[in-house]
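Where a number appears in this text, it was derived from the coordinates with a stated rule and is not lab data. Remember, it's a predicted structure, so these values are computed and weren't measured experimentally. Methodologically, a virtual Cβ is constructed for each residue, glycine included, from the backbone with ideal geometry; neighbour enumeration extends over all protein chains shown.
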Amino acid sequence: MSRTTLDLWVGVFVAMGIAALLFLALKVGSISGSEIQSPYTLRANFDNIGGLKLRAPVKSSGVVVGRVEQIRYDNERFQAEVVFTVDGRYKFPTDTFANILTSGLLGEQYLGLDPGGEEKTLAPGEVIKKTQSAVVLEKLISQFMFGKAEGDSAPAK
Amino acid sequence: MGGVFRKLGRMAINGVWQLGFITRFLWLILVYSGQSFTRLHLTIRELYFSGVLSLLIILVSGLFVGLVLGLQGYEILQRYGSTEAMGTLVALSLLRELGPVVAGLLFASRAGSAVTAEIGLMKVTEQLKAMDMMAVSPIARVVAPRFWGGVISMPLLAALFSTMGIFGGWLIGVVFIGVDHGAFWGQMQSAVDFQYDVLNGVYKSFAFGVAVALIAVFEGYDCVPTAEGVSRAITRTVVSSALAILALDFVMTSFMFRGL
């Protein structure tokens, strides 16, 4: 069987298609598996996780260092337990502070890590003890109104 | 009154009968595929007819869809002062839905109808029977290469459609309107996930390719061997492929994209 011009056109077509797929994979999307290398898991307990979702980013100083893997309710402590993975290249001190923060006013919620000053670093599977819950807007508003009412009444006395 | 129920019943029984036949047909194609792949040039020839010859319509329509998405996206996003999100909007809508679905619809009307007409005409002129008499299986020789030609070209065409669409969106957004080049690509890259968006789109286009190719070869093989029968079979190919693509798209979307 000899090669024909038809084969050439099919070859061009298949090469174009594969190039388009590669373009979509590399230029348009980012291959998510590669950005977090050799991850290890950590845990943190929160009184209230607000609107934190699975696969939400874990950030430290604004840089994505991991992802939230699991969220469950701990019936012993009556708290939410968040399990998340952190890139193996990054180590955090044992007194790291975990917060649930919001990017922008209406943005998605993420887990923020504020490193402390300890020498020892967190081992895989360890629990972060210092945590701060998500800010619930309703609570904030009620606190503000309550505080304001007190503030108004104070000078009247 | 009774006539209506009789008609309904006949339609339902015919539908079930057709479904059974199409399933058995798919099984036969898969069984005979090995035999047909020993003559690979047959499949490559079909790849040329359904893939390469559909390239022009796919590329041009992809470009126009992207241009329209760019204009409409800009018009809405600029109300909220977030025109940088245009790349995300164009890329996600093309990768997840428009790429596979519109490319599938175009492919069904461009290549699917041609396949049905070809096989139908072979049946009318009794070429399929002649092959059978010469102990050449028409499924291995005629049907399987056309089926695989469609199945292979569809994901490639959908990827090319999405690529052209993103290029069109870039043309409108960055070149003509002046959205920041870096923000356009950067926001797109941070929002588009390879597995969640790109791969799910590829799975969709593959499923649509199987559906369109199977319907096209089946309608051709099953047509009434008259001039009118062939024309009806072609119409049925386009209509049922379009319905199959849209229904499959709904089912696959509800499984794939449920916001976790």
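Annotation: amide H of A:Gln79 within the under-5 Å range of A:Asp74, sequence separation 5 or more or interchain, hydrogens built in the peptide plane. Note down the nm distance, to one decimal, between modelled labels 7 Å out along Cα→Cβ at B:Lys7 and at A:Asp7. Between B:Lys7 and A:Asp7, the simple spin-label model gives 5.6 nm.
Using 1/(1 + (r/R0)^6) with R0 = 22 angstrom and r between the beta carbons of B:Met134 and B:Arg232, what's the FRET efficiency to the nearest 0.05?
The pair B:Met134/B:Arg232 has a calculated efficiency of 0.15.
Assign one of three labels to the stretch B:1-79, namely rounded, prolate or oblate, based on the Cα gyration tensor with a ≥ b ≥ c the square roots of its eigenvalues; rounded applies when a/c is under 1.5, prolate when it is not and a/b is larger than b/c, and oblate otherwise. The shape class here is oblate. Computed extension gain for A:Val63 through A:Asp95, at 0.36 nm per residue and net of the alpha carbon distance, reaches 9.6 nm. FRET efficiency for the B:Gln195 to A:Tyr40 pair, using the beta carbon distance and R₀ = 30 Å, is estimated at 0.90.
Within chain B, which is the longest segment containing none of the trypsin sites (Lys or Arg not before Pro) that sit in a DSSP loop and have at most 15 other Cβ atoms within 10 Å?
B:40-257
Tell me, what is the percent relative contact order of chain B, built from C-alpha pairs under 8 Å that lie six or more residues apart? Don't jump to the answer; show the numbers that get you there.
Working: 335 pairs, mean separation 80.8, N = 260.
For chain B, the relative contact order is 31 percent.
Spin-label model, B:Leu26 to B:Phe176: label points 7 Å out along the Cα-to-beta-carbon direction sit 4.2 nm apart. Taking amide H positions as modeled 1.01 Å from N, with prolines and chain starts lacking one, the residues under 5 Å from A:Lys59 and 5 or more places away or on another chain are A:Val65, A:Leu111, A:Gly112, A:Leu113. What does the charge add up to near B:Asn200, with Lys and Arg as +1, Asp and Glu as -1, over the other residues with Cβ less than 10 Å from its Cβ? Local net charge: 0.
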